[in-house]
Amino acid sequence: MTKQISRRRQSVKPTAHAGEPTHGPLTAEELQLAVRNHSMPLEALREDTTPPGLHYVLTHFDIPFIDADAWHLRIGGAVQRAVEISLRALRRDPAISIPVTLECAGNGRSLLHPRPMSQPWRLEGVGTAEWTGVPLAYLLAQAGVDDDAVEVVFTGADAGIQGGIRQKYARSLPIKEAMRPDVVLAYEMNGRELPPQHGYPLRLVVPGWYGMASVKWLESIQVVTHPFEGFQQAVSYRYQQDADDAGTPVSRIRVRSLMIPPGIPDFYTRSRVLSPGPVMLQGRAWSGQGSVVRVEVGIDGKWVPAHLGHPAGPFAWCEWTLPWVADRGEHELACRATDATGLTQPLEQAWNYQGMGNNVVQRVKVSVE
């Protein structure tokens, strides 16, 4: 971390990337963020593919409305040939379609104590879609990446102020990640053109990484010979213990599972009520580190292995199911996943300053009556 970025971090300390952690109720600013962004209802876990209107959305600034006929993507920097390409031309290039589960890096933030003040996600900042577009590696090969290149910077059209810094949303990937064959410049979501809130006319999709890496409303790609130090890279999206901690960057999605809350909800509290008898518990599990190899369901503290289905792709969630005979009374249900690297969801989440990567076990209280 350079001295310049260190000074920048100190200069935004009073706002703590959106506000100091708090033990109190949601602030007006957090409620405003919650109104602008939305999570995926947990009942949508029934679907292999999440409809665009149910898929989670996080927009840092305003949604830009772009005239696709006048739009061009620019590729430059440490390349042998600068490229400027229209959407019509992109659609003539070789395309792939890949199912990808995207999750917000701040998912679960509001469950931490004290609560980091930003978008107050609970557990539903996730969704799975099939993205269609041109492999990034194909366009980088057309441009010819220089031998001394270290990163690729992606800049969106969405502009605003964060941490006191005027900026366009921009993130970078190491060259090795950018050249993966499954990283896609997507112009379709679930077989249709991108909706405005999901990045129309073109967005980046980085399978396995938290959603902050998948830059929306893409307007330029720059290959660089030094690490990118923009705000969203060097200050935001880092695992920190306090405001002065340089931290480590957020990257791949930590292993997680979620359950569809059984029964029916109380309107205001969302408490679950169901009738006694056989119930099929079900949900989804995913990881950006490797395939999910096990899901266990906790029923009043006793863990039982669930049945795992097959994911639609290596970076898409998989279904899990477990039959349960519900007895009358109050019960607590939970689910936890383990991936191929051996990582398992924690029962208690370690706190961090920005509230990133919270993959704590979900718990659902139900009344059987």
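The values are calculated or read from the model by the stated rules, or taken from the named source; none is laboratory data. No experiment lies behind these values; they were computed from the predicted model shown. So basically every Cβ, Gly included, is an ideal-geometry build from the backbone, and we count neighbours across all protein chains shown.
Before we move on, is SER251 farther than 22 Å from VAL79 by Cα, polar (S, T, N, Q) and without any contact (Cβ under 8 Å) to a residue 60 or more places away in the chain? Criteria met by SER251.
For ASP242, indicate whether it is loosely packed, with under 12 Cβ neighbours inside 10 Å, within 30 Å of ALA159 (Cα to Cα) and of a type in the set (D, E, K, R). Give the steps one after another, and end with the answer.
On the way: loosely packed, with under 12 Cβ neighbours inside 10 Å: yes; within 30 Å of ALA159 (Cα to Cα): yes; of a type in the set (D, E, K, R): yes.
For ASP242, the condition - loosely packed, with under 12 Cβ neighbours inside 10 Å, within 30 Å of ALA159 (Cα to Cα) and of a type in the set (D, E, K, R) - is met.
Sort out which residues of segment 7-55 are of a type in the set (S, T, N, Q), modelled with pLDDT under 85 and exposed (fewer than 14 other Cβ atoms within 10 Å of the Cβ), and write them in order of number. Listed by number, the residues that qualify are GLN10, SER11. The condition of being closer than 25 Å to ALA157 by Cβ, more than 23 Å from the chain's Cα centre (by Cα) and surrounded by fewer than 20 Cβ atoms within 10 Å (Cβ to Cβ) holds for only one of LEU87, LEU140, that being LEU87.
Answer yes or no as to whether VAL250 is among the hydrophobic types (A, V, I, L, M, F, W, C) and touching a helix residue (DSSP H, G or I) at 6+ places or on another chain (Cβ under 8 Å).
On the way: among the hydrophobic types (A, V, I, L, M, F, W, C): yes; touching a helix residue (DSSP H, G or I) at 6+ places or on another chain (Cβ under 8 Å): yes.
It is true that VAL250 is among the hydrophobic types (A, V, I, L, M, F, W, C) and touching a helix residue (DSSP H, G or I) at 6+ places or on another chain (Cβ under 8 Å).
Scanning segment 40-57 finds no residues that are farther than 25 Å from VAL100 by Cα and polar (S, T, N, Q). Figure legend. Inter-residue proximity from segment 215-241: first residues under 16 Å from ALA186 (Cβ atoms), second residues of a type in the set (D, E, K, R), beta-carbon distance below 6 Å, spacing 6+ or different chains. Indicated pairs: VAL215/ARG171; LYS216/ARG203; TRP217/ASP158; LEU218/ARG203. Taking (1) within 25 Å of PRO207 (Cα to Cα); (2) without any contact (Cβ under 8 Å) to a residue 40 or more places away in the chain; (3) not in a helix (DSSP H, G or I) in turn, TRP131 satisfies each apart from (2). Restricting segment 145-184 to residues that are assigned to a strand (DSSP E or B) and of a type in the set (Gly, Ala, Ser) leaves a set whose member that is surrounded by the most Cβ atoms within 10 Å (Cβ to Cβ) is SER172.
TRP131 falls short on exactly one of the conditions (1) surrounded by 21 or more Cβ atoms within 10 Å (Cβ to Cβ); (2) out of contact with any Ser or Thr (no Cβ under 8 Å at 6 or more places or on another chain), and that condition is (2). Of everything in segment 207-239 that's under 22 Å from LEU102 (Cα atoms) and aromatic (Phe, Trp, Tyr), which residue is surrounded by the most Cβ atoms within 10 Å (Cβ to Cβ)? Only one residue fits best here, namely TRP217. For segment 27-72, taking the residues that are more than 16 Å from the chain's Cα centre (by Cα) and polar (S, T, N, Q), the one that is nearest to THR128 (Cα to Cα) is identified as GLN32.
Here are some residues: ARG171, ARG203. Which one is among the basic types (Lys, Arg) and in contact with a helix residue (DSSP H, G or I) (Cβ under 7 Å, 6 or more places away or on another chain)?
Result of the check over ARG171, ARG203: ARG171.
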